[in-house]
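A short worksheet on the structure shown next.
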Amino acid sequence: MTTNWKVTQPMATYLATVTVGRFGVRQSDTPGGITNITAVDPSVVATPLDAFHAKNAEVTDAMVRWFGPYPFSSTGGLVDNADVGFALETQTRPVYGSFGASEAIVAHEIAHQWFGNSVSVTRWQDIWLNEGFATYAEWMWEERAGGDRVQQQFDTAYRDGSDRELWDVPPGNPGRGQMFGRTV
């Protein structure tokens, strides 16, 4: 089988992904009218496909209200049975590892579609701009879901002076080893 793929919007090279495997796939439009395509490796029981598909639609539509029009033609996500320990904001379909895709992580990765993907950094040392925006969106989602207010979440992080990684690494110059650490 041959598949052709074409990207019609600009893309930073690190945002492209290819995943090969057997996946459960769902495609529909969000209530706001954005094409939503999700895929989950059926061996990842922590993330049921239908719930993941619905959450991507809900988060995307909420963020459209917060941040403005969705910058791409489709949204969604991919959960693969890969022991990578992180998620990645690949363009239009963030990739999540075998740990699954919690609501907070989905909110974080979808937020990158606005800032980090449609607007990208010139220098890697500025990655904190992408990550800071996505963390803020994650906090907004937690508040919307009934958790602590954004200000409370910030205050908690700010008060926790015992976390040396958070305070000893400059976010605008974290170095290669800390580029995706807590400070950034």
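The values are calculated or read from the model by the stated rules, or taken from the named source; none is laboratory data. Remember, predicted model here, so these are calculated numbers, not experimental data. Glycine also receives a Cβ, built like all others from the backbone with ideal geometry; neighbour counts cover every protein chain displayed. What goes into the accessible areas is simple: the full protein's heavy atoms, side chains included, and nothing from ligands, DNA or RNA. Shrake-Rupley method; radii C 1.70, N 1.55, O 1.52, S 1.80 Å.
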Quiz prompt | Rounded to 5, percent antiparallel among DSSP beta bridges of the chain | solution = 45
Practice problem: At 7 Å along the Cα-to-beta-carbon direction for both T17 and V45, put a label point, then send me their distance in nm to one decimal. | Solution: 2.4
Practice problem: Would you mind computing Rg(Cα) / (2.2 N^0.38 Å) for region 97-143, counting N as its residues? | Solution: 1.17
Exercise. Quantify, in whole percent, the carbon and sulfur part of the accessible surface of the chain (1.4 Å probe; protein heavy atoms only).
Key: 54
Quiz item: Accessible area, 1.4 Å probe, largest first: how do E109, E143, E138 sort?
Solution: E143, E138, E109
Quiz prompt | Average silhouette area of region 58-184, convex hull of alpha-carbon atoms, in square nanometres | solution = 8.2
Practice problem: Quote the Stokes-Einstein diffusion coefficient, in whole µm² s⁻¹, for region 55-101, based on the Kirkwood radius over alpha carbon pairs, a temperature of 20 °C and a viscosity of 1.002 mPa s. | Solution: 187
Quiz prompt | Selected from R144, R159, R65 as most flexible by GNM, with the chain as the system and alpha-carbon contacts under 10 Å | solution = R159
Quiz prompt | Projected label distance in nm at V25 and R176, using a 7 Å step from Cα toward the beta-carbon | solution = 3.8
Exercise. Could you check the simple spin-label distance between T156 and W124, using points 7 Å along Cα→Cβ, in nm with one decimal?
Key: 3.2
Exercise. Between R65 and D168, take the C-beta separation as r, use R0 = 30 Å, and let me know the FRET efficiency to the nearest 0.05.
Key: 0.20
Practice problem: Ignoring everything but the protein chains, give the 1.4 Å probe accessible area of W124 in square angstrom, nearest 10. | Solution: 120
Quiz prompt | region 1-121 - accessible surface per residue (Å², probe 1.4 Å) | solution = 51
Quiz item: Can you tell which of P31, P171, P48 shows the greatest fluctuation in a Gaussian network model of the chain with Cα springs below 10 Å?
Solution: P31
Quiz item: To the nearest 10 degrees, how steep is helix 49-67 against the longest Cα principal axis of the chain, on a 0 to 90 scale?
Solution: 60
